[in-house]
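The values are calculated or read from the model by the stated rules, or taken from the named source; none is laboratory data. Just so you know, these numbers come straight off a predicted model, no measurement behind them. Heads up, the Cβs are rebuilt from the backbone with ideal geometry, glycines too, and the neighbour counts pull from every protein chain shown.
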Amino acid sequence: MPVTNAKEVNELMTLLGSAPLKRYGQNFLIDQKIIEDIIQAFQPQKKDNILEIGPGLGALTTHLVGSGAQVIAVEIDRKLSAFLQSNLKINGNLVVINQNILQTKLSAFPSPLRIISNLPYNITTLVIEKIIKESINVKDFLFMVQKEVIARLNAKVGTAEYGPLAIMLNLLTEGKSIMNIPREAFYPQPNVTSTIYYLSFTHLYDDYEVLGIFRLVKSMFLSRRKTIYNNLAIYLKNKNEAENTLNALGVLLNTRPEQLSPEVYLDLYRSLNSKK
Ligand code: SAM
């Protein structure tokens, strides 16, 4: 039975001996039309291996399981996990794991993996970073996040939002905004509008390269106010090598980290790696 309003969420949570928990970012989807739109955008198929992060009361899970796909749902809340285990494991195509997704290895799941999540706001960035690092087995990822976060995911070079996340997603994925979701679609209502965003991984690099590029890019943004030369010199622990590498790439030493395109970061990574 879908949960369709605040009263039903509260009644069910009381029955489970709980209440919506802020610390786990528990804002449950209650608008059935929006839930259907999300599923329609994701298009689960029988042949799919799907990971749902934070299934909650099963608003999306019910539809995923109904598609016949193999579904793994990772939920940190013990009471919600137990509820899903006993209520949704009807067809044998759902595995519920009571675990913190940040401590879960994606390589333990079948590949290629499709991931879907109404992301808990407090761990949004950490989850996206995790998926980038472990993206070798990931086909695509559809998620709901605060509208403001999207600005950091598809930020253009030279803007204040441009940084490691935008660079990595530019190199590894094709992304698009699907639609905004009003606050009223959730209970409890969050303070912000959410957006559904979709990432399709293009798999142009192996996992070793992905980790290496990410490590380098993060280091170059450790201090945004420093020049790329200063950040690189610290990273390499070698001023001469930093200067020579940037000169060879035609990058001016006083360039700021946010002024370099994703392609230049890739060139920088490759030029450093070819010397090893
Ligand atoms: N998918 C449900 C929905 O759309 O109604 C619930 C979404 S709610 C925004 C986020 C869910 O993620 C909650 O069920 C919460 O308990 C769970 N969660 C929070 N932190 C988690 C973590 N680190 N690992 C796994 N699940 C987590």
Segment 81-98, residues that are under 19 Å from Val138 (Cβ atoms) and within 11 Å of the ligand (Cβ to nearest atom)
Ile97
Among helices (runs of 4 or more DSSP H) lying entirely in segment 170-253, which contain 2 or more residues that are on the phi < 0 side of the Ramachandran plot and within 22 Å of the chain's Cα centre (by Cα)?
207-220
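This table checks each residue for (1) touching a Lys or Arg at 6+ places or on another chain (Cβ under 7 Å); (2) in contact (Cβ under 8 Å) with a residue 60 or more places away in the chain; (3) exposed (fewer than 13 other Cβ atoms within 10 Å of the Cβ); (4) within 30 Å of Pro2 (Cα to Cα).
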{"site": "Val157", "(1), (2), (3), (4)": "no, yes, no, no"}
{"site": "Leu169", "(1), (2), (3), (4)": "no, no, no, no"}
{"site": "Leu172", "(1), (2), (3), (4)": "no, no, no, no"}
{"site": "Ser177", "(1), (2), (3), (4)": "no, no, no, yes"}
{"site": "Phe186", "(1), (2), (3), (4)": "no, yes, no, yes"}
{"site": "Thr195", "(1), (2), (3), (4)": "yes, no, no, yes"}
{"site": "Ser200", "(1), (2), (3), (4)": "no, yes, no, yes"}
{"site": "Leu211", "(1), (2), (3), (4)": "yes, yes, no, no"}
{"site": "Arg215", "(1), (2), (3), (4)": "no, no, no, no"}
Can you tell me which condition Pro164 does not meet? The list is (1) within 16 Å of the ligand (Cβ to nearest atom); (2) crowded, with 18+ Cβ neighbours inside 10 Å, and all the others hold.
(1)
With within 13 Å of the ligand (Cβ to nearest atom), assigned by TED's automatic domain parsing to the domain that holds Thr195, of a type in the set (D, E, K, R) and within 24 Å of Val192 (Cβ to Cβ) as the only criterion, which of Arg23, Arg78 stands out?
Arg23
Subset of segment 99-116 (residues that are touching a residue at least 40 places away in the same chain (Cβ under 8 Å) and either part of a helix (DSSP H, G or I) or within 7 Å of the ligand (Cβ to nearest atom) (or both))
Ile101, Leu106
Residue selected from segment 57-76 under the condition over 20 Å from the mean Cα position of the chain (by Cα) and of a type in the set (A, V, I, L, M), by the criterion farthest from Tyr24 (Cα to Cα)
Ala69
